[in-house]
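*Asks:* What follows is a single structure, and I will ask about it in a moment.
The values are calculated or read from the model by the stated rules, or taken from the named source; none is laboratory data. Note that the coordinates shown come from a computational prediction; the quantities given were computed from them, not determined experimentally. Note that each Cβ is placed from the backbone with ideal geometry, even for glycine, and that neighbours are counted across all protein chains shown. The protein model used for the area step is the full one, side chains on, heavy atoms only, and it has no ligands, DNA or RNA in it. Shrake-Rupley method; radii C 1.70, N 1.55, O 1.52, S 1.80 Å.
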Amino acid sequence: MTKIFLALLLASSSIYVAEARTVPRDSVRLSDPAILADSATGTYYMTGTGGKLWTSKDLKMWTGPENIALSDSTSWTGAHPAIWAAEFHRYNGGNYYFATFTNEAIRDSSDLPRRSSAIYKAASPEGPYTPIAKESQTPAEKLTLDGTFWVENGKPYMVYCHEWLQNNDGTIEYVELSPDLTAAVGEPTLMFRASESPWSRERLDGKICPNRVTDGPWLFKTGTGRLGMIWTSWIYDVYTQGVAYSESGTLAGPWIQEAEPITPPNFGHGMIFTDFDGRTLLSCHSHRADSNGHYIRVPHLFEVDLSGDKLVVKGLVTD
């Protein structure tokens, strides 16, 4: 991509670049933290909601934020989309950025804004990332979010949530992608609904029932080859993370929910990576409201064990 085109994209998106600073992890304010451990540069790259980048050499001190997602004003996102739940993924030697984009100017019949999971690409992990297609890889008529990536039997897939605001019982679905990831192949497949969770719940019309929110799927394999997925919902007003496993060992499932959450209350939207010391870590954010009702979200790390037949959370990383 030419420097001229990148300059035009930057100008069209009117991105404000905050002054970078270096702070400890508990001073970062970031929702949905996703971390790429890049052994070639010895650097950890962290992104999430907001489309920004933080970097670190030790997972303790982080430098940022820098804007790395450059939207195309001629695409469906428009020039100024809201960016949620971004993730880094490597595929066939490429650096990809899976994220949720919202265009408030496009509305459905219920006056809900266009929200879709889409894929950007860059020459290097630090970006800048630009769209690989004019359209999203998820259906335009669906409010989708939190798209993530999985490869099964050599084929690439996007796994994502269908927004509960639109279907009243949030789902997690998957769709096959073309080899270059630019478009969906075929129709989406339902994996499970929010209401299938045994641990999430809410009060609705005076009754206690399963919560309707699905959020933050991330797929993993255990040491025995078992396919699992962490995902997040709510227990009343408490943000909570659980896990499900595929009985078939494939995306097609069926998916069986574990009875209890996997992390303490008010931690959620996780992803899993291996650090440079060989530890398996779960990155997620803590979730609490301040006295004004504003959510404060801070990245945290849990050490996990995947060597057996299921994910075991060993504890919070405090250093």
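*Asks:* How big is the C-alpha Rg of region 36-141 next to the rule-of-thumb value 2.2 N^0.38 Å, as a ratio?
*Replies:* Here the Cα radius of gyration is 1.13 times the empirical estimate.
*Asks:* Multiply the residue separation of V151 and Y295 by 0.36 nm, subtract the distance between their alpha-carbon atoms, and state the gained length in nm to one decimal.
*Replies:* Numbers: separation 144, 0.36 × 144 = 51.84 nm, distance 3.41 nm.
My answer for the length gained is 48.4 nm.
*Asks:* Using the Cα atoms of region 222-319, I'd like the radius of gyration and the largest Cα-Cα distance, Dmax, both in angstrom.
*Replies:* Calculated on Cα positions, Rg and Dmax stand at 14.5, 47 Å.
*Asks:* Would you mind working out the accessible area per residue for the chain, using a 1.4 Å probe, and quoting it in Å²?
*Replies:* Value for the chain: 44 Å² per residue.
*Asks:* Any chance you could list P(r) for region 272-315, counting all Cα-Cα pairs in 5 angstrom bins from zero, rounded to whole %?
*Replies:* 5, 21, 22, 17, 12, 9, 8, 5, 1
*Asks:* How big, on average over all directions, is the shadow cast by the Cα convex hull of region 90-143, in nm²?
*Replies:* Computed as one quarter of the Cα hull surface, the answer is 4.1 nm².
*Asks:* Over region 145-202, how many percent of alpha carbon pairs lie in each 10 Å bin up to the one with the longest distance?
*Replies:* 22, 47, 23, 7, 0
*Asks:* Restricting to DSSP H runs of at least four residues, report the calculated mean residue ellipticity at 222 nm for the chain, -39500 (n - 2.57) per run over all residues, nearest 500 deg cm²/dmol.
*Replies:* The helix-only estimate for the chain comes to -1000 deg cm²/dmol at 222 nm.
*Asks:* Among all stretches of the chain without exposed chymotrypsin sites (Phe, Trp or Tyr not before Pro) (DSSP loop, at most 13 other Cβ atoms within 10 Å), which one is longest?
*Replies:* Counting at most 13 other Cβ atoms within 10 Å as exposed, the longest clean stretch of the chain is 17-235.
*Asks:* Ratio of the chain's C-alpha Rg to 2.2 N^0.38 Å, to two decimals? Working shown, then result.
*Replies:* Details: Rg = 18.7 Å, N = 319, 2.2 N^0.38 = 19.7 Å.
Normalised by 2.2 N^0.38 Å, the Cα Rg of the chain equals 0.95.
*Asks:* In whole angstrom, note down how far apart the Cα centers of region 167-238 and region 71-145 are.
*Replies:* About 19 Å separates the Cα centre of region 167-238 from the one of region 71-145.
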